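*Asks:* I have a structure here, written as structure tokens, and I will follow up with some questions on it.
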């Protein structure tokens with residue numbers, strides 16, 4: 001679905017209060033519509049964990065639970081709860097003349113790192129965005145490169161390698177819309193990249209200059225605090241050396 | 001064979017033994033690779049082959065329906081590396097927690113078997129070396145005549161166990177189960193890999209326990225309740241065990257359950273739920289200390305536990321429809337948080 005494409009998915013009558021429905025939109029893409037009784041929400045149709053259809057899950061009007069491994073999300077935001085390790089990709093919803101339309105948001109608005117921040121700050125951050133597309137095999141940065149930008153994945157797959165190129169070892173990969181990398185751009189005293197970031201497939205991403213992001217967050221400390229808390233858990237999650245306790 | 005696993009958060013390298021399933025090689029190296037059934041049905045252990053050769057002895061494994069085979073996806077519980085390989089797993093993979101009992105391969109011998117009902121067997125396997133496991137865990141078993149591993153939960157609980165006790169339900173085309181029921185297999189060699197499974201009980205759980213078992217799912221619950229009794233858990237907390245079967249003819253372990261209930265008559269409540277017949281009038285008098293109720297086990301739990309779901313940790317085991325119905329009830333009616341609902345789907 002193109003980013004500004006408004007698509008009709010179903011009629012409001014198709015989705016009862018505290019109910020949900022899987023709808024097929026263009027190109028066979030599926031969207032889950034949930035009715036909380038007051039509002040409609042639209043999310044990716046498959047669980048981000050094991051690709052189980054979320055419409056087969058449990059929904060009580062507030063919390064959506066995938067029946068397979070009990071990952072849960074807040075239906076109002078798509079934010080993960082309990083055991084869930086990833087948010088749901090959401091769509092903006094518009095209701096007109098008894099029909100439900102969805103619009104795909106930008107990867108920045110989708111990003112877990114920036115969820116919940118003020119609309120003004122989000123708009124300012126969106127103003128910094130440069131969108132880029134890269135072919136499979138393209139290198140985005142190498143160890144030793146100077147750290148300027150924060151990256152947000154829109155589509156594709158990015159792999160990270162740490163260590164010198166003659167004995168570099170894989171350090172994970174990113175594949176979800178809204179995933180953030182190159183986060184050194186938001187840290188103090190991290191002037192050089194420590195990993196190589198390579199596109200494993202054709203990828204599109206958003207770049208934001210780190211210093212300008214920090215300046216915007218500084219002017220809105222409540223939002224800045226949220227972002228820094230999320231950033232620290234994000235880093236912990238990728239660096240965690242021990243298993244769950 | 002050298003194996004490299006590229007996970008979402010990092011990569012791992014380890015050696016696999018000739019013929020060893022990739023999942024077992026990783027777990028043996030204390031890497032928490034994703035899995036649930038470890039026997040080819042759930043699809044949780046899927047990975048993508050980047051390069052190298054693997055052998056897949058069960059190309060029709062039901063878990064393959066979750067795979068994109070044209071993307072090189074395969075089940076780690078079924079496939080063994082045949083060369084150095086590199087694979088990708090699209091989830092976070094962490095090293096095994098320090099308090100987990102690290103799984104490994106055992107050789108064993110069938111020591112004893114006895115019929116619990118017309119279609120349920122008690123089976124004991126003597127191991128070549130002691131095995132440490134947590135209450136509620138299972139092992140994957142393979143017998144020489146029937147290739148392929150099947151998961152069975154331990155009934156007993158003890159540290160450094162030399163004998164593992166299991167419950168085996170007769171299934172129409174259940175490979176290992178059919179083989180066991182066809183003749184006296186005492187003395188037959190078995191291979192085991194384990195312990196496996198995360199639906200475990202630790203004495204540090206400061207909660208009332210709710211155990212829900214359908215049929216042979218009672219096995220792991222016996223282990224959990226035994227361990228909880230050994231640790232005097234019911235000196236401080238309540239325990240509720242619900243055992244769902246079709247009729248009285250299908251119920252077993254009633255003597256053992258009564259002995260457990262008698263240890264804590266005020267705190268440990270054990271109910272047998274009969275789905276297909278009314279409770280016989282003499283059931284309670286023939287089995288003092290046990291309760292009996294009519295209904296599907298999750299319905300009986302919902303009825304009997306109403307108002308008592310506070311501070312509860314639930315364990316669920318049994319046939320998938322029974323487990324699914326129980327989980328739905330626990331979340332929607334019991335309002336339990338997901339971390340208090342523990343189960344391993346492997347039947």
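Since every read-out is calculated from the coordinates, none of them should be taken as a lab result. In this text the structure is predicted, and so the values were computed from the model without any measurement. So basically every Cβ, Gly included, is an ideal-geometry build from the backbone, and we count neighbours across all protein chains shown.
*Asks:* Set the Förster radius R0 to 22 Å, insert the Cβ-Cβ distance between residue B:105 and residue B:230 as r into 1/(1 + (r/R0)^6), and round the FRET efficiency to 0.05. List each step's numbers first, then the result.
*Replies:* On the way: r = 28 Å, r/R0 = 1.26.
My answer for the efficiency is 0.20.
*Asks:* More than 32 Å apart: what percent of Cα pairs in chain B qualify? Provide the component values of the computation, followed by the final result.
*Replies:* On the way: 19081 of 60031 pairs.
Counting pairs separated by more than 32 Å, the tail of P(r) holds 32 percent.
*Asks:* If you don't mind, another one. Return the single residue from B:324, B:250, B:266 with maximal mean-square fluctuation; model: Gaussian network over chain B, springs between Cα atoms under 10 Å.
*Replies:* Answer for the Gaussian network model of chain B: B:266.
*Asks:* Which one of B:161, B:47, B:38 has the biggest mean-square fluctuation once chain B is modelled by GNM with Cα springs under 10 Å?
*Replies:* B:161
*Asks:* Given springs between every Cα pair under 10 Å in a Gaussian network model of chain B, which of B:267, B:294, B:99 has the largest fluctuation?
*Replies:* Top of the fluctuation ranking is B:99.
*Asks:* How big is the gap, in Å, between the Cα center of segment A:61-140 and the Cα center of segment A:148-174?
*Replies:* One Cα centre to the other: 22 Å.
*Asks:* Against the empirical 2.2 N^0.38 Å scaling, what ratio does the C-alpha Rg of segment A:6-105 come to?
*Replies:* On the way: Rg = 12.4 Å, N = 100, 2.2 N^0.38 = 12.7 Å.
This ratio for segment A:6-105 stands at 0.98.
*Asks:* Give the Debye-formula value of log10 I(q)/I(0) at each listed q (0.16, 0.18, 0.24 Å⁻¹), with one equal scatterer per alpha carbon of segment B:104-196, two decimals each.
*Replies:* The calculated log intensity ratios at q = 0.16, 0.18, 0.24 Å⁻¹ are -0.57, -0.73, -1.35.
*Asks:* Sticking with this structure for a sec: Could you tell me how far the Cα centroid of segment B:62-141 sits from the Cα centroid of segment A:1-46, in Å?
*Replies:* If you average the Cα positions of each part, the centres end up 39 Å apart.
*Asks:* What percent of all Cα-Cα pairs in segment B:2-88 falls into each 10 Å bin, going from 0 up to the bin containing the maximum distance?
*Replies:* 19, 58, 22, 0
*Asks:* Here is a follow-up. For peptide A:46-52, compute the average count of partner chain beta-carbon atoms within 10 Å of each residue's beta-carbon.
*Replies:* Values: counts 0, 0, 2, 4, 9, 5, 2.
Counting other chains' Cβ atoms within 10 Å and averaging over A:46-52 gives 3.
*Asks:* Out of all DSSP beta bridges with both ends in the protein assembly as shown, state the antiparallel percent to the nearest 5. Can you show the working numbers first?
*Replies:* Values: 103 of 133 bridges.
Once the DSSP bridges in the protein assembly as shown are tallied, antiparallel ones form about 75 percent.
*Asks:* Now a separate question. Would you kindly calculate the mean projected area, averaged across all directions, of the convex hull enclosing the Cα atoms of segment B:192-309, in square nanometres? Intermediate values should be presented prior to the final figure.
*Replies:* Numbers: hull surface 31.8 nm².
Average of the hull's projected areas for segment B:192-309 equals 7.9 nm².
*Asks:* With the contact rule set at Cα under 8 Å and sequence spacing of 6 or more, what percent relative contact order holds for chain B?
*Replies:* Details: 794 pairs, mean separation 49.3, N = 347.
Rounded, it is 14 percent for chain B.
*Asks:* What translational D, rounded to a whole number of µm²/s, comes out for the protein assembly as shown from Stokes-Einstein when the hydrodynamic radius is the Kirkwood one over Cα pairs, at 37 °C and 0.692 mPa s? Don't skip to the answer; put the middle values down first.
*Replies:* Numbers: Rh = 26.3 Å.
Using the Kirkwood radius from Cα pairs, D works out to 125 µm²/s.
*Asks:* Could you work out how far the C-alpha centroid of segment B:256-314 sits from that of segment A:182-238, in angstrom?
*Replies:* After rounding, the separation between the Cα centres reads 55 Å.
*Asks:* What nm distance separates the two modelled labels at residue B:82 and residue B:129, each placed 7 Å from Cα along Cα→Cβ?
*Replies:* Each label point is offset 7 Å from its Cα along the Cβ direction, giving 2.9 nm.
*Asks:* Would you mind getting me the FRET efficiency between residue A:215 and residue A:136? Use the beta-carbon distance for r and R0 = 30 Å, nearest 0.05.
*Replies:* Details: r = 35 Å, r/R0 = 1.15.
That pair, residue A:215 with residue A:136, gives E of 0.30.
*Asks:* Could you bin all the Cα-Cα distances of chain A into 10 Å bins starting at 0 and give me the percent of pairs in each, rounded to whole numbers?
*Replies:* The distribution over chain A is 7, 28, 34, 23, 7, 1, 0, given as percents.
*Asks:* Taking chain B as the reference, fit the longest principal axis to its C-alpha atoms, fit the long axis of helix B:254-263 to the helix C-alpha atoms, and give the angle between the two in degrees, 0 to 90, nearest 10.
*Replies:* 70 degrees
*Asks:* Just rank A:104, B:275, B:216, fewest to most, by other beta-carbon atoms within 10 angstrom. Walk me through the numbers before you get to the answer.
*Replies:* Details: A:104 22, B:275 17, B:216 27.
Final ranking by Cβ density, sparse to dense: B:275, A:104, B:216.
*Asks:* Rg to Rh for segment A:112-239: what is it, with Cα atoms only and Rh by Kirkwood?
*Replies:* Values: Rg = 14.4 Å, Rh = 15.0 Å.
We get a ratio of 0.96 for segment A:112-239.
*Asks:* If I take R0 = 30 Å and measure r between the Cβ atoms of residue B:256 and residue A:56 in this structure, what FRET efficiency does the formula 1/(1 + (r/R0)^6) give, to the nearest 0.05? If you can, show how the numbers build up before the last one.
*Replies:* On the way: r = 37 Å, r/R0 = 1.23.
Computed FRET efficiency for residue B:256 and residue A:56 comes out at 0.20.
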